[in-house]
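To keep things clear, I will list the structure first and then write my remarks on it.
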Amino acid sequence: MSAPFDTKVHVSHHDLMVRITVSGELDHEDAEDVEAAWQVADRAGLPTTTVDLSRVTFADSMLLNALLAARHRHLGDGRRLVLLGPLPPSVHRLLEISGTLEHFTVRDACDAGDGDDVSSS
């Protein structure tokens with residue numbers, strides 16, 4: 001089952017995970033679409049949520065705040081949040097400069113396949 005919100009944000013369900021795929025430039029104008037995707041993931045309550053950031057060309061504090069809030073919710077619920085890359089330079093820099101990169105699990109999207117190896121790690 002899939003739920004497209006916008007050309008920039010897409011949500012799909014796999015066996016034990018929800019995958020949020022984002023692409024293009026993300027800023028405050030995309031906050032509602034990103035929040036809607038998180039709501040789908042949170043309602044599903046599956047053990048793992050992956051966020052494919054490999055096609056993001058620009059991200060600002062909106063994405064950073066959304067990722068940090070999602071991380072907090074996932075930790076509180078005992079679920080895993082995994083960022084899929086390779087992280088584009090702008091996203092890597094955003095996480096690195098903010099000192100938050102080390103707080104996320106980052107995996108290569110092409111290694112994640114359908115999510116089985118991501119959810120079992």
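What pairs can you find where one residue is in the stretch 98-115 and open to solvent by 80 Å² or more (accessible area, probe 1.4 Å), the other is in a helix (DSSP H, G or I) and modelled with pLDDT of 80 or more, and their Cβ atoms are less than 7 Å apart, with a gap of 6+ or different chains?
His103/Arg71
Could you give every pair whose Cβ atoms fall below 7 Å, whose first residue belongs to the stretch 57-72 and is part of a helix (DSSP H, G or I), and whose second residue is open to solvent by 70 Å² or more (accessible area, probe 1.4 Å) and modelled with pLDDT under 95, counting only separations of at least 6 or pairs across chains?
So the pair list comes out as Met62/His28.
Taking the conditions exactly as written (on the phi < 0 side of the Ramachandran plot, at pLDDT 95 or above, loosely packed, with under 15 Cβ neighbours inside 10 Å and assigned to a helix (DSSP H, G or I)), does Ala37 satisfy them or not?
Working: on the phi < 0 side of the Ramachandran plot: yes; at pLDDT 95 or above: yes; loosely packed, with under 15 Cβ neighbours inside 10 Å: no; assigned to a helix (DSSP H, G or I): yes.
Against the criterion (on the phi < 0 side of the Ramachandran plot, at pLDDT 95 or above, loosely packed, with under 15 Cβ neighbours inside 10 Å and assigned to a helix (DSSP H, G or I)), Ala37 does not qualify.
Which one of Thr21, Thr7 is among the polar types (S, T, N, Q) and either under 15 Å from the mean Cα position of the chain (by Cα) or modelled with pLDDT of 95 or more (or both)?
Numbers: Thr7 fails: either under 15 Å from the mean Cα position of the chain (by Cα) or modelled with pLDDT of 95 or more (or both).
Just a single option satisfies the conditions, and that option is Thr21.
Regarding the stretch 41-53, can at least one residue be identified that is open to solvent by 60 Å² or more (accessible area, probe 1.4 Å), touching a residue at least 60 places away in the same chain (Cβ under 8 Å) and not in a helix (DSSP H, G or I)?
yes
Checking Ala109 against (1) modelled with pLDDT of 95 or more; (2) under 15 Å from the mean Cα position of the chain (by Cα), which single condition isn't satisfied?
Exception for Ala109: condition (1).
Please specify each residue of the stretch 24-34 satisfying the condition of being over 11 Å from the mean Cα position of the chain (by Cα), buried (at least 21 other Cβ atoms within 10 Å of the Cβ) and of a type in the set (A, V, I, L, M). If you could, list the steps in order and put the result at the bottom.
Within the stretch 24-34, the subset over 11 Å from the mean Cα position of the chain (by Cα) is 24-33.
Subsequent filtering for residues that are buried (at least 21 other Cβ atoms within 10 Å of the Cβ) retains 26, 30.
Scanning the stretch 24-34 gives a single hit, Leu26.
Would you be able to say whether some residue in the stretch 63-80 is open to solvent by 70 Å² or more (accessible area, probe 1.4 Å) and under 16 Å from Lys8 (Cα atoms)?
Checked against the condition, which is being open to solvent by 70 Å² or more (accessible area, probe 1.4 Å) and under 16 Å from Lys8 (Cα atoms), the stretch 63-80 yields no hits at all.
Taking the conditions exactly as written (closer than 11 Å to Phe104 by Cα and of a type in the set (Lys, Arg)), does Arg43 satisfy them or not? Give the derivation first.
Numbers: closer than 11 Å to Phe104 by Cα: no; of a type in the set (Lys, Arg): yes.
No, not satisfied.
So, in the stretch 15-28, how many residues would count as being more than 12 Å from Leu63 (Cβ to Cβ), out of contact with any helix residue (DSSP H, G or I) (no Cβ under 8 Å at 6 or more places or on another chain) and of a type outside the set (Ser, Thr, Tyr)?
Residues meeting the conditions: 1.
The values are calculated or read from the model by the stated rules, or taken from the named source; none is laboratory data. Keep in mind that what you see is a predicted model, and the values were worked out from it rather than measured. Ideal geometry is used to build each Cβ from the backbone, glycine not excepted, and the neighbour counts take in all protein chains shown. Protein only, heavy atoms only, side chains kept; ligands, DNA and RNA dropped before computing areas. Shrake-Rupley method; radii C 1.70, N 1.55, O 1.52, S 1.80 Å.
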